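Below: one structure, written as structure tokens.
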Amino acid sequence: MTSSRPRYQGVFPVVPTIFDEGGALDLAGQKRCVDFMIDAGSDGLCILANFSEQFVLSDREREVLTAEILDHVAGRVPVIVTTTHFSTRICAERSRQAQAAGAAMVMVMPPYHGATIRVPEIGILDFFRGVSDAIGIPIMIQDAPVSGTALSATFLARMAREIEQVSYFKIEVPFAAAKLRELIALGGEAVEGPWDGEEAITLMADLDAGATGAMTGGGFPDGIRQIVDAYREGRREEAAEAYQRWLPLINYENRQCGLLAAKALMKEGGVIACDAPRAPLQPLHPATRAGLIEVARRTDPLVLRWGR
């Protein structure tokens with residue numbers, strides 16, 4: 001880490017991709033979504049992640065979204081661009097393009113394909129070296145069950161020490177707090193950003209373990225800020241009370257709605273016109289959506305008022 005490089009902390013929610021009723025990109029709605037998320041207190045944003053439905057986007061749409069969103073953000077907050085791909089070459093090129101467009105960081109999962117094609121540790125090490133060599137901005141490794149790839153804290157710490165740009169880690173596997181604690185102990189200063197994920201379902205435990213950032217869903221960053229800000233300022237009891245207050249909504253997103261929660265909340269609050277996913281993903285069941293809105297109203301998040 002160079003002394004002049006910023007250390008990113010705080011709440012960096014994932015920006016959902018906004019489609020119209022026909023499944024095309026809705027760029028006007030996308031910009032309103034971004035404006036809301038910044039107004040709601042996001043310290044930064046992450047685009048093209050799994051919660052952005054990145055797996056239903058074409059390469060051209062990825063390029064359009066990266067350019068449009070970074071241009072619209074215009075430096076108001078730092079933006080992380082997800083550049084995950086199985087190919088080292090393609091991931092490196094995506095990462096170069098993201099840096100050129102103004103990304104503050106890239107987020108990358110270890111290479112995987114389908115249910116069975118995996119890469120051994122030496123291949124993963126070479127993969128991240130190849131991406132690191134292509135760019136001059138930090139890499140966040142996303143350690144999540146969806147990849148089906150076990151990444152031990154020892155291996156993650158090794159990559160932090162040996163690979164120049166690997167310095168942030170989004171940990172969203174079972175027993176995340178224990179893994180964060182071990183990673184911090186093993187990696188030391190090479191671990192610039194030990195971060196929480198999985199919609200903040202384990203946020204308090206992860207903060208206690210040393211997490212300095214949270215990458216959550218995009219529907220209520222104002223609520224997540226109440227937890228993270230209080231904790232960061234040494235007011236742990238206040239943070240715990242905020243966590244208890246927002247936990248029912250966090251749980252509903254994590255266990256009932258997944259990536260569709262943010263868009264449902266945004267449509268309800270007039271931020272966007274359409275909350276549909278892109279096929280073959282299915283929309284929320286009306287009863288599930290109603291349950292989400294009912295739980296959300298108890299916390300009065302900005303998303304339900306921003307567009308009204």
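The values are calculated or read from the model by the stated rules, or taken from the named source; none is laboratory data. Since the structure is predicted, the reported quantities are computational estimates derived from the model, not experimental observations. Positions of Cβ are backbone-derived with ideal geometry, glycine not excepted, and every protein chain shown enters the neighbour counts.
I'd like the residue in the range 143-191 that is buried (at least 23 other Cβ atoms within 10 Å of the Cβ) and touching a residue at least 60 places away in the same chain (Cβ under 8 Å) and, out of all such residues, is nearest to residue 130 (Cα to Cα).
In this case the residue turns out to be 167.
Considering only residues that are acidic (Asp, Glu) and closer than 24 Å to residue 182 by Cα, look in the range 193-228 and name the one that is surrounded by the fewest Cβ atoms within 10 Å (Cβ to Cβ). Give the steps one after another, and end with the answer.
We begin by selecting, within the range 193-228, every residue acidic (Asp, Glu); these are 196, 198-199, 206, 208, 222.
Going one step further and asking which of them are closer than 24 Å to residue 182 by Cα, we end up with 196, 198-199, 206, 208.
Values: 196: 29, 198: 22, 199: 29, 206: 26, 208: 15.
The qualifying residue surrounded by the fewest Cβ atoms within 10 Å (Cβ to Cβ) is 208.
State all residues of the range 52-64 that are crowded, with 16+ Cβ neighbours inside 10 Å and either of a type in the set (Lys, Arg) or at pLDDT below 95 (or both); if no residue qualifies, say none.
Answer for the range 52-64, where residues must be crowded, with 16+ Cβ neighbours inside 10 Å and either of a type in the set (Lys, Arg) or at pLDDT below 95 (or both): just 62.
In the range 52-79, how many residues are among the acidic types (Asp, Glu), farther than 12 Å from residue 15 by Cα and in contact with a Ser or Thr (Cβ under 9 Å, 6 or more places away or on another chain)? Walk me through it before giving the result.
So the first thing to find is which residues in the range 52-79 are among the acidic types (Asp, Glu), and the list is 53, 59, 61, 63, 68, 71.
Of the ones still in play, those that are also farther than 12 Å from residue 15 by Cα are 59, 61, 63, 68, 71.
Narrowing the set further to residues that are in contact with a Ser or Thr (Cβ under 9 Å, 6 or more places away or on another chain) leaves 61.
Looking only at that region, the number is 1.
Here's the yes/no breakdown for (1) under 18 Å from residue 269 (Cβ atoms); (2) in contact with a strand residue (DSSP E or B) (Cβ under 8 Å, 6 or more places away or on another chain); (3) at pLDDT below 95:
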{"site": "6", "(1), (2), (3)": "no, no, yes"}
{"site": "12", "(1), (2), (3)": "no, yes, no"}
{"site": "21", "(1), (2), (3)": "no, no, no"}
{"site": "26", "(1), (2), (3)": "yes, yes, no"}
{"site": "29", "(1), (2), (3)": "yes, no, no"}
{"site": "35", "(1), (2), (3)": "yes, no, no"}
{"site": "41", "(1), (2), (3)": "yes, yes, no"}
{"site": "44", "(1), (2), (3)": "no, yes, no"}
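Only residues that are under 16 Å from the mean Cα position of the chain (by Cα) and touching a residue at least 12 places away in the same chain (Cβ under 8 Å): list them for the range 45-61, please.
As a first pass, look at the range 45-61 and keep what is under 16 Å from the mean Cα position of the chain (by Cα): 45-55.
Across the range 45-61, the qualifying residues are 45, 46, 47, 48, 49, 50, 51, 52, 53, 54.
Determine whether the range 237-244 contains at least one residue that is under 21 Å from residue 56 (Cα atoms), buried (at least 20 other Cβ atoms within 10 Å of the Cβ) and of a type in the set (A, V, I, L, M, F, W, C).
No, because not a single residue in the range 237-244 is under 21 Å from residue 56 (Cα atoms), buried (at least 20 other Cβ atoms within 10 Å of the Cβ) and of a type in the set (A, V, I, L, M, F, W, C).
Taking the residues in the range 218-260 that are assigned to a loop (DSSP other than H, G, I, E, B) and either basic (Lys, Arg) or under 25 Å from residue 290 (Cβ atoms) (or both) as candidates, determine which candidate is nearest to the chain's Cα centre (by Cα).
Of all residues in the range 218-260, those assigned to a loop (DSSP other than H, G, I, E, B) come to 218-220, 233-235.
Retained after the next criterion (residues that are either basic (Lys, Arg) or under 25 Å from residue 290 (Cβ atoms) (or both)): 218-220, 235.
Numbers: 218: 9, 219: 12, 220: 13, 235: 25 Å.
Result: 218.
Where in the range 20-127 are there strands (runs of 3 or more DSSP E), lying wholly inside it, with at least 1 residues that are farther than 21 Å from residue 220 by Cβ? Let's see the steps before the verdict.
Details: elements: 45-47, 79-82, 105-108.
Fully inside the range 20-127 and qualifying: 79-82, 105-108.
Return yes or no: is residue 49 crowded, with 21+ Cβ neighbours inside 10 Å, touching a Pro at 6+ places or on another chain (Cβ under 9 Å) and under 16 Å from residue 14 (Cβ atoms)? Walk me through how you get there before you give the answer.
Working: crowded, with 21+ Cβ neighbours inside 10 Å: yes; touching a Pro at 6+ places or on another chain (Cβ under 9 Å): no; under 16 Å from residue 14 (Cβ atoms): yes.
No; evaluated as a whole, the condition is false for this residue.
Name every residue in the range 175-189 that is over 17 Å from residue 109 (Cβ atoms) and more than 17 Å from the chain's Cα centre (by Cα), in order of residue number.
Step one: filter the range 175-189 for residues over 17 Å from residue 109 (Cβ atoms), giving 175, 177-178, 180-182, 184-189.
Hits for the range 175-189 are 175, 177, 178, 181, 182, 184, 185, 186, 187, 188, 189.
Given the criteria modelled with pLDDT of 95 or more and in contact with a strand residue (DSSP E or B) (Cβ under 8 Å, 6 or more places away or on another chain), does residue 287 qualify? Before the answer, list the steps.
Details: modelled with pLDDT of 95 or more: yes; in contact with a strand residue (DSSP E or B) (Cβ under 8 Å, 6 or more places away or on another chain): no.
In short, no.
Give the number of residues within the range 261-308 that are of a type in the set (Asp, Glu), part of a loop (DSSP other than H, G, I, E, B) and more than 23 Å from residue 242 (Cα to Cα).
Looking only at the range 261-308, we keep the residues that are of a type in the set (Asp, Glu), and these are 268, 275, 294, 300.
Narrowing further to those that are part of a loop (DSSP other than H, G, I, E, B): 275, 300.
Add one more test, that the residue is more than 23 Å from residue 242 (Cα to Cα), and what stays is 275.
Final tally of qualifying residues: 1.
Residue check: is residue 106 surrounded by 23 or more Cβ atoms within 10 Å (Cβ to Cβ) and without any contact (Cβ under 8 Å) to a residue 40 or more places away in the chain? Before you say what the answer is, go through the steps one by one.
Numbers: surrounded by 23 or more Cβ atoms within 10 Å (Cβ to Cβ): yes; without any contact (Cβ under 8 Å) to a residue 40 or more places away in the chain: yes.
In short, yes.
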